[in-house]
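Below is one structure; the comments refer to it alone.
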Amino acid sequence: MSDFEIILDTTVISNFSKTESMSELCESFDEPPAVTKAVIIETERGEREGYEFLDDAIDLMPSPRRSNTENTSYLIKCSSFSEMAHNNNNIDKGINHLLLSAEMNQVDIDTETGVDFVTECMSRLDWGEATAVHASFAHGVPVATDDGDARDFADKYDIEYTGSLGLLARCVSKDIVEIETANDWLSAWISENGYYSPVSDITEIL
């Protein structure tokens, strides 16, 4: 069984970082959420390119960037295929990793399904989203993503998923965040981060 409850991708991390609320997100889970190496690299790259608010997530990541801080990592790293394997469409490496991880986590994935999954995953999704969905499938846990292609892909393979809005509702339901604060965060995601939300008031989905 996996030692984490959910895998986060960069889209979700971006929103919660925008409102300095990554700690509250992590607090809503009994076990620390997981991120892949690709998501760590994408987040650190975004911060270097001027999206300084991503520091809110980087401070919680299992990364050398954190080595001199007082924070305890609230995120753990889970493995997936490399950027080189993704860019070179190295299906064999993706399949081997998927099936080995699935066996270790007692997740039943047959070889034929694994081949189809990895082939399509590498061709359809960017590296960050691909590794998040790949790790989610292998570990048998949900993936948190706002990426439409990733969610469509998860649907096809019956992978449970949620997104920023669902995680925000989770924080409210667990009494970690007040409704007024949650709505302020949601408003900031929409107006400052370009987030599309079907609702403007979190109470509409509670």
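Please determine whether any residue of region 58-65 is more than 19 Å from the chain's Cα centre (by Cα), modelled with pLDDT under 90 and not in a strand (DSSP E or B).
The answer is yes, given that some residue of region 58-65 is more than 19 Å from the chain's Cα centre (by Cα), modelled with pLDDT under 90 and not in a strand (DSSP E or B).
For region 90-134, how many residues meet the condition of being out of contact with any helix residue (DSSP H, G or I) (no Cβ under 7 Å at 6 or more places or on another chain), closer than 16 Å to Thr36 by Cα and either of a type in the set (Val, Ile, Thr) or crowded, with 17+ Cβ neighbours inside 10 Å (or both)?
1
Restricted to region 167-187, and to residues that are assigned to a helix (DSSP H, G or I) and without any contact (Cβ under 8 Å) to a residue 24 or more places away in the chain, which residue is nearest to the chain's Cα centre (by Cα)?
Among those that are assigned to a helix (DSSP H, G or I) and without any contact (Cβ under 8 Å) to a residue 24 or more places away in the chain, it is Leu186.
Only residues that are more than 21 Å from Glu160 (Cβ to Cβ) and either in a strand (DSSP E or B) or not polar (S, T, N, Q) (or both): list them for region 1-26, please.
Hits for region 1-26 are Lys18, Glu20, Met22, Glu24.
Here is a check on your reading of the model: is Val133 modelled with pLDDT of 95 or more, touching a strand residue (DSSP E or B) at 6+ places or on another chain (Cβ under 9 Å), part of a loop (DSSP other than H, G, I, E, B) and closer than 27 Å to Asn87 by Cβ?
Against the criterion (modelled with pLDDT of 95 or more, touching a strand residue (DSSP E or B) at 6+ places or on another chain (Cβ under 9 Å), part of a loop (DSSP other than H, G, I, E, B) and closer than 27 Å to Asn87 by Cβ), Val133 does not qualify.
Only one of Glu49, Glu70 is more than 19 Å from Thr145 (Cα to Cα), at pLDDT 95 or above and surrounded by fewer than 21 Cβ atoms within 10 Å (Cβ to Cβ). Can you tell me which?
Result: Glu49 is the single residue among Glu49, Glu70 that is more than 19 Å from Thr145 (Cα to Cα), at pLDDT 95 or above and surrounded by fewer than 21 Cβ atoms within 10 Å (Cβ to Cβ).
The values are calculated or read from the model by the stated rules, or taken from the named source; none is laboratory data. On a predicted model such as this, the values are computed, not experimentally measured, just so you know. Cβ sites come from the backbone with ideal geometry, for glycine too, and all protein chains shown count toward neighbours.
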